[in-house]
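Heads up, the thing below is written out as C-alpha cells.
The values are calculated or read from the model by the stated rules, or taken from the named source; none is laboratory data. Since this is a predicted model, take the numbers as computed values, not measurements. All Cβ positions, glycine included, derive from the backbone under ideal geometry; neighbour counts span all protein chains shown.
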Amino acid sequence: MTSPERIDQVIPAIVEHDGVSNHTFAAQRLLVEMGFESEIFARIVGPGCAGRVRPIDELPDLGEKRQWLLYQSSIGSPAAEVFARHSGRKLIDYHNITPAELVERWIPPLGEEARLGRRQLAELAPLVVAGFADSAYNATELGHAGVARTRVVPVLVETANVEAAPDPEVLARLVAAKGGGGSDWLFVGQLAPHKAQHDVVKALACYRAAYDPAVRLHLVGREMGSAYRDALQRYVASLGLAAAVDLPGSVPAAVLAAYYAAADVFVCCSDHEGFCAPVVEAMHRRVPVVANDVAALPETVGEGGLLLDGKDPVLVAAAVHEVLTTPGAREALVEAGQSQAARYSLEAARAAFRDGIREELAVAG
C-alpha cells in the first residue's frame, strides 16, 4: 500500500482548554508537517473551535488507499459508529474512559456515555490496525480490549500551558494575597467527581486546623455539569472555607500560568487519571506535586513527586506540610519534577507520535 493522501481525525467532542482537544489539534499540526492532508471531524464542536473543526457528517470516505482515520477515544459517542463504518484504514488514540461508577451519581448522562464508550472500545478493537495510548496504563487497557498492536504516545501537551508568560494582573493579585501569610495549593482539572476536588478540600480543612489557618486553595478547570460544582460549593461553605477556596473555572493560558507561578504545591486527589497533563505542567513550572497513587498517576508522576498510598485528608495534609516545611524537601521535589517533566516534553511526545505513524506506514507497505 502506498502512503495515504490524508490522515483525518474523528473525535466525539472538541472544546477549548481541554487536554484531549489540545492533543487532537497538535496531532493535526504534526500530520500536516509530515505531508498529509488532515482535518478534524467532531460530533460536537464547542465554542472557539468553529472554523478549525468540521461536523462529522461532512467526513468524506475516500477508501483505504487514499485516507486513514485516527479516532480520539475518551467517551462513548455516535462518532465511534461513523468511524467504524468508514472504509479507511483505522487507528485509535486512547485517552482512557472514566469508570462510570465514579461519575454517574452526579452526572447520569456521563455515566451512560462512559459505559457506552467501554462497549464501543471492544467493538472497535478488531477494526483498528493499531492503537496509541497516553500511558502504559492506557496501553494495557487497549490490549485487554483486543487491540493487537499498541504503543505509548504521551499527550501532546498544549505548548502555551508550559510556555505562556503569567498574566501580570492575576499574578500580582495572587502574590498580594500571600502578604497576609499562608501557602497556596493548586489543582488543575475538570471540575468533576472523578477528579475528587472535594477530597482536596477535606485535606485543606485538616491543614488549616493542624498547621496553617491562612492556607488557600485554587481549583482551576471548567465544570462538568452543575450538580457536582454546586455540591462542592455547598461543602466548601459548610466548612467555613468560602474565602479560602477559589474556583475560577476554565482560564486562558496566561492566567493558568499565573496560578502555577503563585502555587506552592500541586495537590491531586483524583480517583482516576489516564495520564493527567496538569501534573506535567506543574512539574515543568517548578511546582512540587503531591498525588494519589492510583491509575496512571504513578507513571506520570514517577519520581518527580510525592505519591501517597491513599488520600485520607490527614495523610494528605501531613504530606503537604512535610513538603513545604522540611528543609530542602520542596527544592528536591522541584528538581525531580523537572527531570520527570522532560520525559513528557512536547518534542518527546511529537517524536513518539511521528514514529507511531511512520511505523504504521511501514507495516501497511
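See the values below:
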{"read-out": "Tally of residues being of a type outside the set (A, V, I, L, M, F, W, C), crowded, with 18+ Cβ neighbours inside 10 Å and out of contact with any His (no Cβ under 9 Å at 6 or more places or on another chain) across segment 191-209", "value": "5"}
{"read-out": "Exclusive hit being closer than 20 Å to Ser183 by Cα and within 18 Å of the chain's Cα centre (by Cα), set Val301, Val279", "value": "Val279"}
{"read-out": "Residue check, Ala160 touching a helix residue (DSSP H, G or I) at 6+ places or on another chain (Cβ under 7 Å) and surrounded by fewer than 23 Cβ atoms within 10 Å (Cβ to Cβ)", "value": "yes"}
{"read-out": "In segment 262-283, the residues that are in contact with a Lys or Arg (Cβ under 7 Å, 6 or more places away or on another chain) and of a type in the set (Gly, Ala, Ser)", "value": "Ser270"}
{"read-out": "Cβ-Cβ under 6 Å pairs, at least 6 apart or on other chains, segment 170-184 side farther than 21 Å from Tyr207 by Cβ, far side assigned to a helix (DSSP H, G or I)", "value": "Val170/Val255; Val170/Ala258; Leu171/Ala258; Leu171/Ala261"}
{"read-out": "Single residue of Val279, Val294 found to be modelled with pLDDT of 95 or more and either out of contact with any Asp or Glu (no Cβ under 7 Å at 6 or more places or on another chain) or over 20 Å from Lys202 (Cβ atoms) (or both)", "value": "Val279"}
{"read-out": "Subset of segment 210-235 that is among the aliphatic types (A, V, I, L, M) and part of a helix (DSSP H, G or I) - its residue that is surrounded by the most Cβ atoms within 10 Å (Cβ to Cβ)", "value": "Leu232"}
{"read-out": "Subset of segment 1-42 [among the small types (Gly, Ala, Ser), crowded, with 23+ Cβ neighbours inside 10 Å and assigned to a strand (DSSP E or B)]", "value": "Ala42"}
{"read-out": "Test: Ala242 is without any contact (Cβ under 8 Å) to a residue 24 or more places away in the chain and among the aliphatic types (A, V, I, L, M)", "value": "yes"}
{"read-out": "Hey, Leu110 modelled with pLDDT of 95 or more and in a helix (DSSP H, G or I) or not", "value": "no"}
{"read-out": "Candidate set: segment 77-107, residues that are touching a residue at least 60 places away in the same chain (Cβ under 8 Å), of a type in the set (Gly, Ala, Ser) and outside any helix (DSSP H, G or I); chosen: the one farthest from His23 (Cα to Cα)", "value": "Gly88"}
{"read-out": "Members of segment 110-124 that are among the hydrophobic types (A, V, I, L, M, F, W, C) and either in contact with an Asp or Glu (Cβ under 8 Å, 6 or more places away or on another chain) or surrounded by 22 or more Cβ atoms within 10 Å (Cβ to Cβ) (or both)", "value": "Leu110, Ala114, Leu121, Leu124"}
{"read-out": "Residues of segment 158-189 classified as touching a strand residue (DSSP E or B) at 6+ places or on another chain (Cβ under 8 Å) and among the aliphatic types (A, V, I, L, M), total", "value": "4"}
{"read-out": "Residue within segment 186-200 that is within 26 Å of Glu64 (Cβ to Cβ) and of a type in the set (Lys, Arg) present", "value": "no"}
{"read-out": "Flag for Val147 being crowded, with 21+ Cβ neighbours inside 10 Å, within 17 Å of the chain's Cα centre (by Cα) and outside any helix (DSSP H, G or I)", "value": "no"}
{"read-out": "Selection count where residues are more than 21 Å from Val153 (Cα to Cα) and not polar (S, T, N, Q), scope segment 61-79", "value": "9"}
{"read-out": "Qualifying residue in segment 133-144 (condition: in contact with an Asp or Glu (Cβ under 9 Å, 6 or more places away or on another chain) and at positive phi)", "value": "no"}
{"read-out": "Only one of Val301, Val323, Val294 that is surrounded by 16 or more Cβ atoms within 10 Å (Cβ to Cβ) and assigned to a loop (DSSP other than H, G, I, E, B)", "value": "Val294"}
